[in-house]
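See below for the structure under consideration.
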Amino acid sequence: PLRVLTGITTSGTPHLGNYVGAVRPTVRASRLPNTESFMFLADYHALIKTGDPARVQRSTLEIAATWIACGLDPEQVTFYRQSDIPEITELTWLLTCMTGKGLLNRAHAYKAMLDRNAAAGAEPDEGVTAGLFMYPVLMAADILLFNAQQVPVGRDQIQHIEMARDIASSFNHQYGEHFMLPEAAIEESVATLPGLDGRKMSKSYDNTIPLFVPREQLKKLIMGIVTDSRAPGEPKDTEGSALFQIYQAFATPEETAAFAQAYADGIAWGDAKQRLFERIDAEIAPMRATYDELMAHPERVEALLQAGAVKARAIATPFAARLRHAVGLRPLQ
Ligand code: TYM
């Protein structure tokens, strides 16, 4: 079977970008025949971004409840929390020793920090932890430990998956063919969902629309999406319109074509936003009820995660033993 795997960092509240870029495609893939799916909460990755334990715990519950509300079937898939699988950190070390430092120097997230520091006249590595630098290796371990072939993600993660391939190749070259080479699975139309201000929707830009907010709040947020100042009756450009791109991520091609026609016909921005709100709410409302229910019962979520960890370790433990042997370490036990 085809192995599909993806994770979400537990440092914030899941937003529409996470949903269209990762959650929805992975849940859909998990329902196809002959696939084995792995969805997890990347809480080790969260420590790179925040030092606030309460935030990590809150986000872990929110993201877990999101996965389940969005239709993940815990019986069919392997659904777990990264930090419940110690083999991931163990593999991270084996991979670290196979990773060129130069490869990590080229990582976008790290380079962005260097650029920011240069612009601010600070020391190059000011505020850069070794955790941030090593981020791609931890992510490679997530993927390679389960020999995932397909990784559904948004465009911002492509480089990390290419690095996982490079790291896997180096390991295979040195120690024999242990790892499959993973590939990013990206839906072009949703690869970079814009946020409220038109830039990529991202926690770090504070421009997100959370996936599960009450209906009225969702509407209010959508009404705040940036538009140009064209008046009702004036034709509108779909090109470069964040509103249009978000609509497209939720609509069928026919609905999108009709929306483009409404733009050409000079729909008022307020009406266009109302249509976007209704389209998103139609998809999300049924899930929102499940989400709210789960958020009120964290113990149910926790039980699923613990059962998932047992399933994940049934795969991870023997594979990690094989890898220890491959590199010349003594077996555990
Ligand atoms: P994270 O938590 O930043 O984002 C989770 C997923 O959501 C996607 N995404 C978007 N997609 C489209 N448009 C957007 N505006 C948008 N914003 C976020 C991301 O591309 C991602 O797929 N390092 C990862 C988590 C991770 C992981 C992994 C993923 C850890 N280990 C192994 C895959 C496989 C991250 O921080 O994603």
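Scanning the stretch 21-41 for residues that are part of a helix (DSSP H, G or I), among the hydrophobic types (A, V, I, L, M, F, W, C) and more than 9 Å from the ligand (Cβ to nearest atom) gives 27, 29. Of the residues making up the stretch 132-141, not a single one is part of a loop (DSSP other than H, G, I, E, B) and under 17 Å from the mean Cα position of the chain (by Cα).
With respect to the conditions (1) out of contact with any Phe, Trp or Tyr (no Cβ under 6 Å at 6 or more places or on another chain); (2) among the charged types (D, E, K, R); (3) without any contact (Cβ under 8 Å) to a residue 40 or more places away in the chain; (4) under 29 Å from residue 77 (Cα atoms), residue 230 falls short on a single one, namely (4). Just to be sure before I move on: is residue 222 of a type outside the set (Asp, Glu), more than 14 Å from the ligand (Cβ to nearest atom) and surrounded by 14 or more Cβ atoms within 10 Å (Cβ to Cβ) in the structure I sent? So residue 222 fits the description; yes.
Annotation: of all residues in the stretch 162-187 being within 11 Å of the ligand (Cβ to nearest atom) and under 16 Å from residue 25 (Cα atoms), the one that is surrounded by the fewest Cβ atoms within 10 Å (Cβ to Cβ) is 187.
Looking across the stretch 246-274, the residues that are surrounded by 18 or more Cβ atoms within 10 Å (Cβ to Cβ) and either among the charged types (D, E, K, R) or within 18 Å of residue 195 (Cα to Cα) (or both) come down to 246, 247, 248, 249, 250, 251, 269, 272, 273. Condition check: of a type outside the set (Lys, Arg), assigned to a helix (DSSP H, G or I) and out of contact with any Phe, Trp or Tyr (no Cβ under 8 Å at 6 or more places or on another chain). Does residue 66 satisfy that? No, not satisfied.
Read-outs: derived from the displayed coordinates by stated rules, not from any lab. Keep in mind that this is a model prediction, so the values were computed, not measured. All Cβ positions, glycine included, derive from the backbone under ideal geometry; neighbour counts span all protein chains shown.
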